[in-house]
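The values are calculated or read from the model by the stated rules, or taken from the named source; none is laboratory data. All figures in this text were calculated on a predicted structure; none of them were measured in a lab. Glycine gets a Cβ as well: all are built from the backbone with ideal geometry, and neighbour counts include every protein chain shown. Areas reflect the complete protein model, heavy atoms only, side chains present, ligands, DNA and RNA absent. Shrake-Rupley method; radii C 1.70, N 1.55, O 1.52, S 1.80 Å.
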Amino acid sequence: MSILLFGVSHRSAPVSVLEQLSIDESDQVKIVDRVLQSSLVTEAMVLSTCNRVEVYAVVEAFHAGLSVIGQVLAEYSGLSMSDLTKHAYVRYSEAAVEHLFAVASGLDSAVVGEQQVLGQVRRAYASAEGNNAVGRVLHELAQRALSVGKRVHSETAIDAAGASVVSVALDIAGRKLGTLEGKTAVVVGAGAMGALSAAHLTRAGIGRVHVLNRSLARAQRLADKIGAAGTPAEARTLDRLPAALADADVMVSCTGAVSHVVTLADVHHALVNARRDEAAKPLVICDLGMPRDVDPAIAGLPGVLIVDVDRVQHEPSAHAAAADVDAARHIVAAELAAYLAGQRMAEVTPTVTALRQRAADVVEAELLRLDNRLPGLDTAEREEVARTVRRVVDKLLHAPTVRIKQLASAPGGDSYAEALRELFELDQTAIDSVAAVAAGELPVITTEFDGAPGGPQRSAE
């Protein structure tokens, strides 16, 4: 297996580093294209969330592939290779698979068990697949990771509280304000996180919501949904932010912009001018963007509390119960073992198929020799002899080929395929051709052969 993961997350780097590495959807495509320019990388996928950037790649060699990915990310972020690697983590082969399974399950999130990461993995795969950057290996890996994540969420209570970065941040805001009920909120950004924020606010009984977005049309669509749920909502463009903050108690910002959306001047104007008569009224700003939407200098203003991803991940509510985490890890471990066993079996299959093809070729050669020696055999007699010979060969091969697939599924099972190649003097070129057919890289060459139990079928496997 040759899956390489190069990543940086909230567990390995400060927010300032994550900000420099933050990747939007269009940049994901560019990074994948850059990585695939190297002949050492055959498949690639970028997973970028508010607290992680990870590149999954299928590489020809570990160190060379690592160098390619690291260099691309360093150039993109403006970080030196030394600074980047200081905060990065690398996983290879089985460890890379295990990590993605854990990520998809919510076990590696800032808020353990959050479900949003499943959608982020799905979008990362869809982006790479749409860019023709996904082959058999990453396709199977991503699909299995999504399946593992769904299983963890359905079979454990890891997300029983419905916790997410948004919900934890708004819980903090609610404690600071006493309650969110009847308060006024500003939601900056009308994307998925903005919609999630609005949903949590309305469930908390917020009194009014201002939705701000670069596109007024998108802001209006979200405002209409909020209004349909029974909460008054107004759509505005981003230049109206100071006015929106004039009577706000809480603001949630999650735009994905590459620079600060909420400036010191915006908030200062609201506090000093528009809120002059309410000087004691606190303002809680939940900055959930990556890179940060809110100028850090705003934290120095009186009466303002900034809640960011760093603050969220240290909240007790961001951590699932130990029993649920353990149950999720058991599922991940079992799924990992099953996946790796399946991969090992898949790796030995071309060798088994090549052996069966070799046997079929020998049978056909002997039947041709029989025709030359006994030209008087009628058609019925020849067909009966052919069926008998094929049955004998198939029965001789059936048990060992089934058994070798079973043995190959265990750790170290690749040695059995190697033994099979040596014992039967199988041509590696023929095995590679079978593997290429299975991967869809070559046309299937059909072979006329009776399909006895366990035997070759009419096309190469």
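Residue-level check: of (1) buried (at least 17 other Cβ atoms within 10 Å of the Cβ); (2) touching a Leu at 6+ places or on another chain (Cβ under 6 Å); (3) in contact (Cβ under 8 Å) with a residue 60 or more places away in the chain; (4) over 16 Å from Gln116 (Cα atoms), Lys176 misses just (1).
If you go through region 221-240 and pick out every residue that is buried (at least 17 other Cβ atoms within 10 Å of the Cβ), aliphatic (A, V, I, L, M) and touching a residue at least 24 places away in the same chain (Cβ under 8 Å), you end up with 5. In the set Val29, Val41, Val35, Val46, only one residue is surrounded by fewer than 20 Cβ atoms within 10 Å (Cβ to Cβ), farther than 20 Å from Ser82 by Cβ and among the hydrophobic types (A, V, I, L, M, F, W, C); that residue is Val29. Residues in region 299-320 that are in contact (Cβ under 8 Å) with a residue 60 or more places away in the chain, under 19 Å from Lys176 (Cα atoms) and open to solvent by 20 Å² or more (accessible area, probe 1.4 Å): Leu305, Asp308, Asp310, Arg311, Gln313, Glu315, Ser317. The conditions of being crowded, with 21+ Cβ neighbours inside 10 Å and free of Cβ contacts under 8 Å to residues at least 60 places away in the same chain are met by Gly149.
Condition check ((1) without any contact (Cβ under 8 Å) to a residue 60 or more places away in the chain; (2) touching a Leu at 6+ places or on another chain (Cβ under 7 Å)) across all residues:
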| position | (1), (2) |
| --- | --- |
| Glu94 | no, yes |
| Phe101 | no, yes |
| Gly106 | no, no |
| Gly113 | no, no |
| Gln116 | no, no |
| Gln120 | no, yes |
| Ala126 | yes, no |
| Asn132 | yes, no |
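Name the pairs whose Cβ atoms lie under 7 Å apart, with the first residue in region 396-408 and surrounded by 15 or more Cβ atoms within 10 Å (Cβ to Cβ), the second in a helix (DSSP H, G or I) and β-branched (Val, Ile, Thr), and 6 or more positions between them or separate chains? Note: pairs meeting the criteria are Thr401/Val352; Ile404/Val348; Ile404/Val352; Lys405/Val348; Lys405/Val352; Ala408/Val348. Contact map, region 279-298: first residue free of Cβ contacts under 8 Å to residues at least 40 places away in the same chain, second residue assigned to a loop (DSSP other than H, G, I, E, B), Cβ cut-off under 6 Å, separation 6 or more or different chains; pairs are Asp287/Asp293; Asp295/His260; Asp295/Thr263.
Taken over region 108-131, the criterion of being assigned to a helix (DSSP H, G or I) and open to solvent by less than 50 Å² (accessible area, probe 1.4 Å) is satisfied by Val117, Leu118, Gly119, Gln120, Val121, Ala124, Tyr125, Ser127, Ala128. Within region 78-107, the only residue that satisfies the criterion of being aromatic (Phe, Trp, Tyr), open to solvent by 10 Å² or more (accessible area, probe 1.4 Å) and closer than 20 Å to Leu340 by Cα is Tyr92.
Look through Ser197, Ser259 and report the one residue that is open to solvent by 40 Å² or more (accessible area, probe 1.4 Å) and on the phi < 0 side of the Ramachandran plot. Answer to the check: Ser259. When the helices (runs of 4 or more DSSP H) confined to region 178-287 are screened for residues that are under 26 Å from Asp310 (Cβ atoms), those reaching at least 2 such residues are found at 192-203, 241-245, 264-269. One residue alone among Glu54, Glu75, Glu19, Glu60 is surrounded by fewer than 19 Cβ atoms within 10 Å (Cβ to Cβ) and in contact with a strand residue (DSSP E or B) (Cβ under 8 Å, 6 or more places away or on another chain), and that residue is Glu60.
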